[in-house]
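The values are calculated or read from the model by the stated rules, or taken from the named source; none is laboratory data. Small disclaimer: the values here were computed from a predicted structure and weren't measured. Ideal geometry is used to build each Cβ from the backbone, glycine not excepted, and the neighbour counts take in all protein chains shown. Please note that ligands, DNA and RNA were not included when accessible areas were found on the heavy atoms of the full protein model with its side chains. Shrake-Rupley method; radii C 1.70, N 1.55, O 1.52, S 1.80 Å.
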Amino acid sequence: MTVLGKFVASTTLRQLVKDGVINKQGVRLLDCSFVPGVKPDWKRFKEQLYGKFEQLSGFKSIGRALYLAEHIPESVHADLEQAMYPGKFERFSHYPPEIFQEYARRLGIRDGEHLIFYGRGAYGGMLWPARFAWLFKSYGHEKVSVLDGGLNDWVQRGYEITTEVPKMEIGNWTARDNLKETLITFEELESVDGKYEPKPEVNVDPSDPEHEQKEKELKWSNEMKEWEAKTKGKMLIDQTSKINFLDTRPRAQFEGLQDSGLSPMCCEAVHIPGFTNTPVGEIVRDDGTIKDPEQIKNYLNESGFSADKTTITQCMTGIQASLMAYGIEYALPNVKPRVYNGSLKEMEQRDPKRISGGNRHIP
């Protein structure tokens, strides 16, 4: 069988489908169609739906509807809203490996299989597939590929689409905990010499009339002064000369020229000082296919990237950051990026004053 790289051409996939390889000879094809909605209430979800995949699979979704309307033959639908869950600070949080593997098995996935992900929409339909590829890497599965150019490229070539949904038996895939190698947490970013020192907080509900006064008192307290002395300029996230911190959002969002999606009530501006803007859209060609490795390397080098440094990618919720991390590994196999999964939406809630770079929010 053809060796499958990080990105697979439609011509290669078509041959695999034609030869009857998908779902029968160690290769699975997953349609990652997804349309993000409002974040569900995380407390209610944790209490009622956490890990309950049978129940979750019964909910209607736009992504599922898109899949049912047309998809590549032999593909099954993988839903990010089921594969991950809404956390307190993260839009998409990771299940423990033993729970995630239950979801993967429901897709029919077996140990040792190669997974090809495809999608539709922005960035050549590769945004959500790359998120799924990075997700499986985070659980120790390295045999992953993304369809180059997505469903749009497949359809433009005149290849077959179908509405038939293949029947899948429960798989036997086993997840491993590789989360620390592929992801970085808020606590690690704000750690000093590997130790996280929580910032002092007011233990009064924000709706309490005393909250504002308590915040003022805390701001000038000895407790706060001690915390600042221990941490100011010493956290991992402050080491911008030693780490490639990449903000993968569009330039207009990074610079505050269009709505950033951040709350002006919480954040002074629109990006974290010291982060370099490397929009993920700039590693994708106009036709929706991924650029060549050499082109991606040149793009990164022009942005001041150093392959010898640790690399951390972020965006708003970890989605664009995952495609960039995946693209970096494609161009520079020896570089092992880590994705800040919570990204700016988590930072907005936990340390909003850090978001102080760029123009202020547009009106």
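A few points about this structure:
- The length gained by stretching the chain between residue 102 and residue 18 to full extension, at 0.36 nm per residue less their Cα-Cα distance, is 27.3 nm.
- Calculated [θ] (222 nm, deg cm²/dmol) that DSSP helices of n ≥ 4 give over the chain, each run adding -39,500 (n - 2.57): -9000 deg cm²/dmol
- On the basis of the beta-carbon distance and an R0 of 25 Å, residue 285 and residue 259 show a calculated FRET efficiency of 0.40.
- Normalised per residue, the accessible area of region 63-163 is 32 Å², obtained with a 1.4 Å probe and no contribution from ligands, DNA or RNA.
- A Förster radius of 25 Å combined with the Cβ-Cβ distance from residue 349 to residue 181 puts the calculated FRET efficiency at roughly 0.45.
- Which listed pairs, of 199/353; 137/345; 88/180; 6/180; 39/180; 24/167, have C-alpha distances above 18 Å, in listed order: 137/345; 88/180; 6/180; 39/180
- Largest to smallest principal axis extent of the C-alpha atoms in the chain, angstrom: 70, 48, 40
- 0 to 90° range, to nearest 10: angle between helix 127-138 axis and the chain longest Cα axis: 80
- Simple spin-label estimate for residue 170 and residue 232 gives 5.7 nm between the two label positions (7 Å along the Cα-to-Cβ direction from each Cα).
- Accessible area of the chain belonging to carbon and sulfur atoms, whole % at 1.4 Å probe: 48
- Chymotrypsin sites (Phe, Trp or Tyr not before Pro) lying in DSSP loop within region 231-312, provided at most 16 other Cβ fall within 10 Å: none
- Segment residue 155-residue 35, length gained on full extension (0.36 nm per residue, minus Cα span): 41.2 nm
- Principal-axis tilt of helix 293-302 within the chain, Cα atoms, nearest 10 degrees: 10
- When the alpha carbon gyration tensor of region 1-116 is reduced to an equivalent ellipsoid, its three semi-axes come out at 29, 16, 12 angstrom, largest first.
- Region 226-331 gives an Rg/Rh value of 1.01, both radii derived from C-alpha positions and Rh following Kirkwood.
- The separation of region 228-265 from region 51-119, counted between C-alpha centres, amounts to 31 Å.
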